[in-house]
Amino acid sequence: MCSCEEPRWGWGHCAPGPILLLGLLLAAPFGLLGEETRQVTLEVIPDSMGLPQNLLHIRAVGTNSTLHYVWSSLGPPAVLLVATNTPHSDLSVNWSRLLSPEPDGALMVLPKDSIQFSSALVFTRLFEFDSTNTSDVAAEPPGKPYPPYSLAEFSWNNITDSLDPATLSATFRGHPNQDPTRAFANGSLAFRVQAFSRSGRPAQPPRLLHTMDTCQLEVALVGASPRGNRSLFGLEVATLGQGPDCPSMQEQHSIDDEYAPAVFQLDQLLWGSLPSGFVQWRPVAFSQKQGGRESALPCQASPLHPTLAYPLPQSPIVRAFFGSHNNFCAFNLTFGASTGPGYWDQHYLSWSMLLGVGTPPVDALSPLVLGIMAVALGAPGFMLLAGGLFLLLGPKRYSEYQPIN
Amino acid sequence: MEEEEEEARGLLADGPDDAGRDAPAVPGALPALCDPRRLAHRLLVLLLMCFLGFAIFAMIIRLPFRLRLNGWGTIIFSCFVCIGQVIFALGGIFNAFWLMEFGRFVFGIGGESLAVAQNTYAVSWFKGKELNLVFGLQLSMARIGSTVNMNLMGWLYSKVEASLGSAGHTTLGVTLMIGGITCILSLICALALAYLDQRAERILHKEQGKTGEVIKLTDVKDFSLPLWLIFIICVFYYVAVFPFIGLGKVFFIEKFGFSSQAASAINSVVYVISAPMSPIFGLMVDKTGKNIIWVLCAVVTTLASHMLLAFTLWNPWIAMSLLGLSYSLLACALWPMVAFVVPEHQLGTAYGFMQSIQNLGLAIISILAGMILDTRGYLFLEVFFIACVSLSLLAVVLLYLVNRARGGNLNYSARQREEMKLSHAE
């Protein structure tokens, strides 16, 4: 990670050059940004027999581009992100091939030559660490690891029931197939996906600013029994590199924590030079449903490292779209520290991220802050000016001379 | 020397030996340390006053309360402080939280009133002389007391725990009892000060009764506009310093990535800087005068410091050092101004009122600051503090203009004050 030293009005960051960011903001209208809203449709694609198979296709159509998010829990939960430069592209699914042992080519976005960017994220494993004897917050690993849960061996609910067209969201809820310790007897791991047709900021912490080019994922572990008294959980995320190298991970330090109190950092995963895909999240998780400063857990992200395909749980979706030759890169997220709030408080953990294409959204100072600053700095100056003028030009009431008597 | 002879002459005006105004009437040759007119004696008294403050601030909480002030009053307040601390420690030994709260309450009654007494003593002994330096030194000793408390009590607790063999309420109580020895020191100082004050009154026939005799609430209506502006400056300034320091540790950990110890260190740098710098600034303001300009500098520097902390990622040591310097400067320049605008018989009321509303402001704003932090985060909190400092700045500007327009004496340079004093004496 580079050091963040350069102070700028508003924020300092480790991005590769503030000039580049400025240039991109100016160039934005020429990319996939520049449109005001998108038409978003959510579709659960049934298989050839008409049975729902937990393949969710979110299609966000703009004036001259389309974003496809293909979320699935076939195998480990995964998302395919495809951006095209036409409003008429669509997903085609070959179910028989998809459900076969060799799913290469089962998923396609047509027309193929309209694809500007494509990549995937796979959530492969859920880790659990025993942090009882660990005092160092940033230790790797943060405690003695328990055997991880492989998310490829989870069974999931039928997402058709959880589809909500009003909020453009759907929830995948799963628990392990084999659960000898009955840890997930009353609990589940939920992936809540939400798409957006325009920019906005949700009221729920961490209040990530989303645009119409992004969708939000909230990972929530609810009710599962931890295997220790002070268990910390972690998530392994795998992604495809755009070339031989892994995508870059950045920490953006900012001065603004208005929307996430005491969190001054934004983490990003960028797949290539902009405009391309990105993942954005705040390095914080919450141990209560309503979120807030008292339930905020620190979230550590390990650096991205290239990994061979075979140790990871395989995702048929990724193989179906990209083929089988791929270079995966993986990183781990760990939630919480051995002291302070944790999963043990209410058996609840939630973490959110944004997935999108184009320029990652940037927080700006709210108008209230700017207004207060303007008044706070302007009023004394104005008073001094006005008073000074009055004293200079106004009636003289006091004379320098002392009275004789 | 010249001016001291002048003052002695003025004070001996109604002595029996009225043989001509030119002959200085020196009532016997007292050694410099024992002669109330001499600088050396005043320094001894200053030393005692400072230790009075040291002991208080080593154990202090802030409660607004004002009582009658004279030599006996100060001794009574000191007793309250000692008794309060003993009750507090007993609450720890007997594991009764309500008793601890009661002890703190009693302590607060005495402690806060002693702070007012300290200010009034300072003016009584040092007005027209080294008043700014005195305020600086008093503040310095108070901050040293706070720092000593922060560092020593933890160490003392672990030592007591080691010797008693257990951690718990008994250990806490014993630690507090040992710490209460400084309150005994405060009582001794109060006794010594009362004795010296009475002795000075006897020797110099100083009209002791005039200075802070009885605090009358009705005096409040007589306060002039400049005094109210001074109150406003005081309140809005301190609410942007103390609550910030209280909430600052997590700010430095989260925003600047400091470790816990580094964050504590940087949080305390305001006190660490103000301890040595307050006397220096006091001396400087004594020598140059122009109190309002110094207050203006201090407030602007604090505003700059908060803006650096809020809107940049620069190393916070810069901003916190600036805060420490401006905090010291303000204390040395602001508090003596009260003595310039208030007649001596209302001085106790004025200082008491100033302490009261300062504490009230701190109490309210501390709660408000916590609420703002939980809902809106540190940036908004900093903006809120900037708004408070800005109000203080507005009051300073207004004070300067009002003072200028009315031909007041708040912003006189040291030389102008000398001339005023000489012309009054003739």
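Between B and A, buried accessible area summed over both sides at probe 1.4 Å, in Å² to the nearest 100?
Details: alone 19410 and 20040 Å², together 36530 Å².
Its buried surface, counting both partners, is about 2900 Å².
Counting, for every residue in A:245-254, the Cβ atoms of other protein chains within 10 Å of its Cβ and taking the mean gives 1. Each peptide in A:121-127, B:234-240, A:44-50 was scored by the mean count of other Cβ atoms within 10 Å over its residues; highest first, the order is B:234-240, A:121-127, A:44-50. The peptide list B:188-194, A:314-320, put in order of mean Cβ contacts within 10 Å with the highest first, becomes A:314-320, B:188-194.
Taken residue by residue and averaged, Cβ atoms of other chains lying within 10 Å of the Cβ of A:292-300 number 1. Relative to the globular-protein estimate of 2.2 N^0.38 Å, the Cα radius of gyration of region A:121-358 stands at 0.99.
List the pairs from B:Lys159/B:Lys255; A:Lys289/B:Lys249; A:Lys144/A:Lys289; B:Lys159/B:Lys249 whose alpha-carbon separation is above 30 Å, in the order I gave them. Exceeds cut-off: B:Lys159/B:Lys255. Per-residue accessible area (protein heavy atoms, 1.4 Å probe) orders A:Asp164, A:Asp267 as A:Asp164, A:Asp267, starting from the largest.
Shielding value for B:313-322 is 2, the average number of Cβ atoms from other chains within 10 Å of each residue's Cβ. Using a 7 Å offset from Cα along Cα-Cβ at B:Ser224, what residues in region B:305-345 end up with backbone N under 19 Å from the label point? What the label zone holds, given the 19 Å backbone N cut-off, is B:333-345.
Close amide H pairs (under 5 Å, H built 1.01 Å from N) link A:Phe154 with A:Asn177, residues at least 5 positions away or on another chain. Explain nothing, just the number: relative contact order of chain A, from Cα pairs under 8 Å at least 6 residues apart, as a whole percent. Relative contact order of chain A: 17 percent.
Among B:302-309, B:280-287, how do they line up from the highest to the lowest mean number of other beta-carbon atoms within 10 Å?
With the highest mean Cβ count within 10 Å placed first, the list reads B:302-309, B:280-287.
Each residue of region B:361-371 was assigned a 3J(HN,Hα) from its phi angle through the Karplus curve 6.51 cos²θ - 1.76 cosθ + 1.60 (θ = phi - 60°); the sequence is x, 4, 4, 5, 5, 4, 5, 4, 4, x, 5 Hz, with glycine and proline shown as x. Protein-only accessible surface at a 1.4 angstrom probe places the residues A:Leu269, B:Leu247 in the order B:Leu247, A:Leu269, largest first.
Here the Karplus curve 6.51 cos²θ - 1.76 cosθ + 1.60, taken at θ = phi - 60°, turns the phi angles of region B:260-272 into couplings of 4, 5, 5, 5, 5, 4, 6, 5, 8, 5, 4, 5, 5 Hz, with x standing for Gly and Pro.
The values are calculated or read from the model by the stated rules, or taken from the named source; none is laboratory data. All values derive from a computational prediction rather than experimental measurement. So basically every Cβ, Gly included, is an ideal-geometry build from the backbone, and we count neighbours across all protein chains shown. These area figures cover heavy atoms from the full protein model, side chains too; ligands, DNA and RNA do not enter into them. Shrake-Rupley method; radii C 1.70, N 1.55, O 1.52, S 1.80 Å.
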